[in-house]
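Let me begin by presenting the structure, written as structure tokens, before commenting on it.
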Amino acid sequence: MTYSLLQGVRVLEVGNFLSAPYCTKLLADMGADVIKLEDPRKGDEARRYGPFLHDIPHPERSGLFLYLNSSKRGVTLNIQTPTGFGLLKDLVTHADVLVHNISPFIADGIGLNYDVLSQANPRLVMTSVTPFGLTGEYKDYKAYDINLAAASGLSVGFGERDREPLSFAMPQVGYFAGMCAASATVVALMTCEESGIGQHIDISEAECIAS
């Protein structure tokens, strides 16, 4: 009989593109039951990135999307409506973990914060992955791989002196942040087993790549 580290753990993912989906992919690889919640209006941004099967763009044939979301179950839910957010709160009562990478500005506007969701489930581990964290003067800024690499200080070592700043040859920041988020989430679950109390994990992509 085989046993997985996170067997019996249910994870909700409200993720887009790299960081949160990669975090939950790692949790799924460890045996967690991951349910991905996608906005029915547009779906995950990764669906529009290649490589595509036979080089034909299609939302169901993105190699990146399929890699990041293997071993997950998927449903559509618009959590930016009162009805959709109410359904999310119902799902949270039956979950152990919620992982998201929604910007703090949008999350605060719809009530996606730990104070609200922990009332529905005090054992909930909630992991928020954002470019610059949930506090500070940059918390509402959008960011991409190149400016996160610059903010972390890594761009100092890339490229040539007196030329434009560079980032990694391929996007890496989201993967680093996803690994950090997955590790912190597992530790929080272990802590919850002892204390019976969940916690909120605040992951800054810039800080992860700086480390």
Review point. Of (1) open to solvent by 20 Å² or more (accessible area, probe 1.4 Å); (2) among the hydroxyl-bearing types (Ser, Thr, Tyr); (3) closer than 19 Å to GLU38 by Cβ, TYR114 satisfies all except one. Which?
Key: (3)
Study note, to complete from the structure: Within the stretch 167-211, residues assigned to a loop (DSSP other than H, G, I, E, B) and not aromatic (Phe, Trp, Tyr) come out as SER167, ALA169, MET170, PRO171, GLN172, GLY196, ILE197, GLY198, SER211
Review point. Going by the conditions given, is LEU68 of a type in the set (A, V, I, L, M, F, W, C) and either in contact with a His (Cβ under 8 Å, 6 or more places away or on another chain) or at pLDDT 95 or above (or both)?
Key: yes
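Quick grid of which residues meet (1) within 19 Å of ALA210 (Cβ to Cβ); (2) open to solvent by 70 Å² or more (accessible area, probe 1.4 Å):
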| site | (1), (2) |
| --- | --- |
| GLY136 | yes, no |
| LYS142 | yes, yes |
| SER155 | yes, no |
| ARG161 | no, yes |
Review point. What helices (runs of 4 or more DSSP H) lie completely within the stretch 1-113 and have 1 or more residues being β-branched (Val, Ile, Thr), under 13 Å from the mean Cα position of the chain (by Cα) and under 26 Å from LYS139 (Cβ atoms)?
Key: 19-29
Practice item. For the stretch 191-211, name all the residues that are out of contact with any strand residue (DSSP E or B) (no Cβ under 8 Å at 6 or more places or on another chain) and either among the basic types (Lys, Arg) or closer than 24 Å to GLU137 by Cα (or both). Key: ALA206, GLU207, CYS208, ILE209, ALA210, SER211
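The values are calculated or read from the model by the stated rules, or taken from the named source; none is laboratory data. Since we're looking at a predicted model, the values are computed, not measured. Here the Cβ is made from the backbone with ideal geometry for all residues, glycine too, and neighbour counts use every protein chain on show. Side chains are part of the model used for accessible areas, which takes the heavy atoms of the whole protein and leaves out ligands, DNA and RNA. Shrake-Rupley method; radii C 1.70, N 1.55, O 1.52, S 1.80 Å.
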